[in-house]
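For reference, the structure discussed in these notes is given below.
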Amino acid sequence: MTSIAVIRGGEVLESAQGEREASLLYRGAYLPGDEIRFETGYRHALVQVDQAVAPARVYLPERRFSYRPPVSGDGLAVYAPGAFGGELHLISIRPDEGREMRNMAENPADQRGEVSAYPHATANVETRGESVFAARNTIDGLHIAGGHGEWPYGSWGIGARTDAALTLDFGREILAETMTLYLRADFPHDAYWISGRVTLTDEAGQTREIDFPLEGRDGPQRVALGGCRVRRLVLDRLVKCDMPSAFPALRQIEVYGAERE
């Protein structure tokens, strides 16, 4: 059985269920603390948390997860105008039965904090703690990089830290062929990195390090990963160019591969 429920203070406001998939039209405005709870019988799912947010292909190790819809201020800054607003909200979940080669990192439904839906991006620093510079922006599926700040220019900002590191957790072991990075390119406001390192860790804890060069340009920069097994990766040792700007940033990270099983 598959179900969706909108919950406020422990009370179910509205719900829907189905054998394999479910769709819910929630009629009402969200309030702080509201929760959208998904439960299903499968681990690979296509989830849409709002009609203004692209569907997410997520891995659910516990076959359930809760999404906290942002309702105002900073939390909404990285979403398209109208997302989670008003009093009509279309929410859905269904099985993801595709096993083709694809971008295994993309998850528009990722959110800060503890999660039970993957992939999930975190970092040891996010500029001023603002949502527009959060790690989750790097897997939202958007590539536009010629600006910074509110949607559609969310990015991972490092607050000028030289030890900045971003972690991408897939929640299970996948096969990874290629990593593609899109640097933020709001020049001359932005600087850029000239090199970096990615550390790949498999389910058994074995690691592999790859150093790679980077250029100051708007567009994809690819790093071959060799079809290795990866549970999580860490992007670090990011070396800034000699531009006076203190603001290099990452717009998007993609990892092309496939499910291992």
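The values are calculated or read from the model by the stated rules, or taken from the named source; none is laboratory data. Keep in mind that what you see is a predicted model, and the values were worked out from it rather than measured. Neighbour counts are summed over all protein chains in view; Cβ atoms, including those assigned to glycine, are modelled from backbone coordinates with ideal geometry. Side chains included, ligands, DNA and RNA excluded: accessible areas come from the protein's heavy atoms. Shrake-Rupley method; radii C 1.70, N 1.55, O 1.52, S 1.80 Å.
Above 13 Å lies some portion of the pair distances; for the range 1-64, what is it as a whole percent of all C-alpha pairs?
64 percent
Would you work out which of Ala249, Thr201, Gln51 lies farthest towards the positive end of the dipole of the chain, given +1 charges on the beta-carbon of Lys and Arg and -1 on that of Asp and Glu, about the Cα centre?
Thr201
Tell me, what are the semi-axes, in whole angstrom and largest first, of the equivalent ellipsoid of the range 103-205 as set by the roots of 5 times the Cα gyration tensor eigenvalues?
Value: 23, 16, 14 Å, ordered largest first.
So for the pair Tyr42, Arg260, with labels modelled 7 Å out along Cα→Cβ, what separation do we get in nm?
Output for this residue pair reads 2.1 nm.
With all protein chains present, calculate the accessible area of Leu90 using a 1.4 Å probe and round the result to the nearest 10 Å².
Near enough 90 Å² of accessible area.
Does anything in the range 204-232 have its amide N under 16 Å from the 7 Å Cα→Cβ label point of Ser116, and if so which residues?
No residue passes the distance filter.
Compute the relative contact order of the range 129-179 as a whole-number percentage, counting only Cα pairs closer than 8 Å that sit 6 or more residues apart in sequence.
34 percent
If you build the convex hull over the alpha carbons only and average its shadow over all orientations, what do you get for the range 55-152? Give it in nm² to one decimal.
Spelled out: convex hull of the Cα atoms, projected over all directions, averaged, 7.5 nm².
Within 11 Å, Cβ to Cβ, of Thr162, how many net charges do the neighbouring residues add up to if Lys/Arg are +1 and Asp/Glu are -1?
Working: positive: Arg161, Arg237, Lys240; negative: Asp163, Asp236.
Net local charge, Thr162 excluded: +1.
If you roll a 1.4 Å probe over the range 23-165 with all protein chains in place, what percent of the accessible area is carbon or sulfur?
Summing carbon and sulfur atoms, their accessible area is 51 percent of the total for the range 23-165.
Mind checking the log10 I(q)/I(0) for the range 124-261 at q = 0.12 Å⁻¹? Debye, one equal scatterer per Cα, no solvent, two decimals.
After summing over all Cα pairs, the log10 values are -0.44.
Could you tell me whether the range 30-87 comes out rounded, prolate or oblate from its Cα gyration tensor? Rule is a ≥ b ≥ c as square roots of the eigenvalues, rounded for a/c under 1.5, then prolate if a/b exceeds b/c, otherwise oblate.
It is prolate, given that a/c is not under 1.5 and a/b is the larger ratio.
Let's see if you can work this out: charge +1 on each Lys and Arg Cβ, -1 on each Asp and Glu Cβ, no other charges. What is the dipole magnitude of the range 1-50 about its Cα centre, in debye to the nearest 20?
Around 60 debye, computed over the range 1-50.
Have a look at Glu150, Glu126, Glu97 and tell me which one the Gaussian network model of the chain (Cα, springs below 10 Å) gives the largest fluctuation.
Glu97
Using only the C-alpha atoms of the range 196-256, find the volume of their convex hull and express it per residue in Å³.
95 Å³
As a test of reading the structure, rank Thr207, Thr162, Thr122, Thr2 by solvent-accessible area (1.4 Å probe, protein chains only), most first.
I get Thr162, Thr207, Thr122, Thr2, largest accessible area first.
For the chain, with the dipole built from +1 on Lys and Arg beta-carbon atoms and -1 on Asp and Glu ones, taken about the Cα centre, which of Gly149, Pro119, His89 lies farthest toward the positive end?
Pro119
Using the Cβ atoms and a cut-off under 13 Å, what net charge is assigned to the surroundings of Leu46, where Lys and Arg are +1 and Asp and Glu are -1?
Summing Lys/Arg as +1 and Asp/Glu as -1 gives +1.
Using a probe radius of 1.4 Å on heavy atoms only, what accessible surface per residue do you get for the chain? Whole Å² is fine. Show your work: numbers first, answer last.
Details: 11590 Å² over 261 residues.
With all protein chains present, the chain gives 44 Å² per residue.
Compute, for the chain, the length of the dipole vector about the Cα centre, with Cβ point charges of +1 (Lys, Arg) and -1 (Asp, Glu) only. Units Debye, rounded to 20.
260 debye
Among residues other than Arg217 whose Cβ falls under 14 Å from its Cβ, what is the net charge (Lys/Arg +1, Asp/Glu -1)?
-1
Taking N as the number of residues in the chain, what is its alpha-carbon radius of gyration divided by 2.2 N^0.38 Å?
Values: Rg = 18.5 Å, N = 261, 2.2 N^0.38 = 18.2 Å.
Dividing the Cα radius of gyration by 2.2 N^0.38 Å gives 1.02.
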